[in-house]
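K.L.:
I'd like to ask you about the structure that follows.
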């Protein structure tokens, strides 16, 4: 069982516990409080058991979750288990039907339809009463027949997989630090860098935060359709694997090809026993967002918010500096600084913000492949330009080895700016 997954889960348990404590306050003033079916059970139980014709279930709390010990050693469905514990702790005895019943079978209590237990105290669940407003019950070892709420009838219908956690992988959503995706033979590894940035360590390029978080959200929102009776390894030529890491924990989701005749795919999770089926769209979504994971925008910060922009190409230099009242000053080549046409500067900066790389070459740059002969500097961010091949300039962000093709539209606008399109004049 992975550590580090409990932060958000503990909140759910705590909320349910507080809700249960609030309901322990009794009925409205002036109305006699009914005796509790499970008196003296604490707000957080040490175990919950349920047994019926098809289920033998036991779960215990562990590091912010409920661990199912039977029928399979697996995570239990946290929401349902907490809901049932709260229900049982609040359950009142509606009335005593018979103090010393001679034939428990007359009430469906021998054998019982189900048996539920909290912290070792067990209650047998029988049939519905003739009026249909309650269920017969008795504390194990007692011949006293009680009438409890109709909700107890649901325990008899729970199946072997009813209480297994339907979420394949649980992790602290905002705590993820590494996202490793493998699609067939292709591998992408993104690591968190700084406050909100991500970096593709195996491609030496900045990653798109939006695409990374969409992959993470896809895994977090996946739901199991059904469990396999026995573990079957996912198969196929294009297996999709997502490995997530966070402080103190690591887990994975492996998705195979579609099961014939369905829209489901067989999958396994590192922290779970057995295999299961999930919707095929989970894998499809991971593939789509992996395809857009390279950050194609040139700069992390918005160029329109910059204070200083330098464009240095083979044919000349331009230095833009933000002036007062929203205006700009410009220095062209070795000339003096003069006022620039504000709209022309803003148009150029918008182009820098909105333009995307036309294509990614990727991989580490070999000697002689890229040679910078120009630079674009937006405050402290630098993009180097290799404009030796006319019409197909290359670009590389400072601190990265990956190379991409600069869009033709942006390249032309930069050349026009340097060649005189942004001629100094009155703002």
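K.L.:
Answer yes or no: is there a residue in region 41-62 that is outside the structural domain of residue 270 (by TED's automatic domain parsing) and over 36 Å from the mean Cα position of the chain (by Cα).
P.N.:
So the first thing to find is which residues in region 41-62 are outside the structural domain of residue 270 (by TED's automatic domain parsing), and the list is 41-62.
So of that shortlist, the ones also over 36 Å from the mean Cα position of the chain (by Cα) come out as 53.
Yes, that holds for at least one residue.
K.L.:
Which residue out of 80, 182 is within 28 Å of residue 229 (Cβ to Cβ), surrounded by fewer than 22 Cβ atoms within 10 Å (Cβ to Cβ) and in the same structural domain as residue 237 (by TED's automatic domain parsing)?
P.N.:
Numbers: 80 fails: in the same structural domain as residue 237 (by TED's automatic domain parsing).
Only one candidate passes the filter, namely 182.
K.L.:
Can residue 197 be described as touching a strand residue (DSSP E or B) at 6+ places or on another chain (Cβ under 8 Å) and at pLDDT 95 or above?
P.N.:
Working: touching a strand residue (DSSP E or B) at 6+ places or on another chain (Cβ under 8 Å): yes; at pLDDT 95 or above: no.
The answer is no for residue 197.
K.L.:
Since residue 255 meets every condition but one in (1) closer than 30 Å to residue 37 by Cβ; (2) outside the structural domain of residue 80 (by TED's automatic domain parsing); (3) modelled with pLDDT of 95 or more, which condition does it not meet?
P.N.:
(1)
K.L.:
OK, next. So residue 346 fits all but one of (1) on the phi > 0 side of the Ramachandran plot; (2) touching a residue at least 12 places away in the same chain (Cβ under 8 Å); (3) assigned to a helix (DSSP H, G or I); what number is the exception?
P.N.:
Failed condition: (1).
K.L.:
Of these, 412, 380, which one is surrounded by fewer than 16 Cβ atoms within 10 Å (Cβ to Cβ), in the same structural domain as residue 312 (by TED's automatic domain parsing), at pLDDT below 85 and over 20 Å from residue 191 (Cα atoms)? Can you show your working first?
P.N.:
Values: 380 fails: at pLDDT below 85.
Result of the check over 412, 380: 412.
K.L.:
Output the residues belonging to region 125-151 that are within 21 Å of residue 47 (Cα to Cα) and within 40 Å of the chain's Cα centre (by Cα). Write out each step before concluding.
P.N.:
Taking region 125-151 as the starting set, the residues that turn out to be within 21 Å of residue 47 (Cα to Cα) are 125, 137-141, 151.
Those that are within 21 Å of residue 47 (Cα to Cα) and within 40 Å of the chain's Cα centre (by Cα): 125, 151.
K.L.:
Which numbered condition trips up residue 362, out of (1) closer than 30 Å to residue 186 by Cα; (2) at pLDDT below 90; (3) in a strand (DSSP E or B)?
P.N.:
(3)
K.L.:
Which count do you get for residues in region 383-402 that are assigned to a loop (DSSP other than H, G, I, E, B), crowded, with 18+ Cβ neighbours inside 10 Å and at pLDDT 80 or above?
P.N.:
Result for region 383-402: 3.
The values are calculated or read from the model by the stated rules, or taken from the named source; none is laboratory data. No experiment lies behind these values; they were computed from the predicted model shown. Because the Cβ atoms are built from the backbone with ideal geometry, glycine has one as well, and the counts that use them run over all protein chains shown.
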